[in-house]
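Encoded as structure tokens, the structure appears first; notes follow it.
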Amino acid sequence: MATILVVEDNLDILSLLMMHLKGLGHRVLAASDATVAVQQIREGKPDLLILDYRIPGGSGVSVMENLKNFIDMVGTPVIFISALPPDEIMKAVPLSRSVKFMAKPLELQTLSAWIATMLGKSS
């Protein structure tokens, strides 16, 4: 299965996502701030990122922009998550086939389907 980096500063949500993704057979990397997230990208080379929009030390957008610094990470799929109003996220995040946004509370079944689709696997 895939390696997925989850960047979330709410430890309850981080734990929930880690358990869910591991249950699906994925290798899960975790970070609760932007600095650790960039380090995890450099060292872990994740296949997909799940990024909280607002995190200590930066933002999910700044973490995504750091992907450009790692040539082998350009184009890595990203799912942003946030409790902020969707309109606010849509203004700041360039959504595309490889960049999506899911509002909190998260719907894990939908998240799983998005991950499978974004990784090019059947759900």
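Bear in mind that the values in this text are calculations on the coordinates, not laboratory data. Remember, it's a predicted structure, so these values are computed and weren't measured experimentally. All Cβ positions, even for glycine, are placed from backbone atoms using ideal geometry, and neighbour counts span all protein chains on display.
Quick look at the values:
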{"item": "Per-region count, region 95-110, residues among the small types (Gly, Ala, Ser) and surrounded by 14 or more Cβ atoms within 10 Å (Cβ to Cβ)", "result": "1"}
{"item": "Residue in region 21-44 that is in contact (Cβ under 8 Å) with a residue 40 or more places away in the chain, farther than 22 Å from Gln109 by Cβ, of a type in the set (Lys, Arg) and surrounded by fewer than 20 Cβ atoms within 10 Å (Cβ to Cβ) present", "result": "no"}
{"item": "Residue within region 69-91 that is among the aromatic types (Phe, Trp, Tyr), in contact (Cβ under 8 Å) with a residue 24 or more places away in the chain and surrounded by fewer than 17 Cβ atoms within 10 Å (Cβ to Cβ) present", "result": "yes"}
{"item": "Breaking point among (1) in a loop (DSSP other than H, G, I, E, B); (2) without any contact (Cβ under 8 Å) to a residue 40 or more places away in the chain; (3) touching a helix residue (DSSP H, G or I) at 6+ places or on another chain (Cβ under 8 Å), for Pro94", "result": "(3)"}
{"item": "So Gly25, is it over 14 Å from the mean Cα position of the chain (by Cα) and on the phi > 0 side of the Ramachandran plot", "result": "yes"}
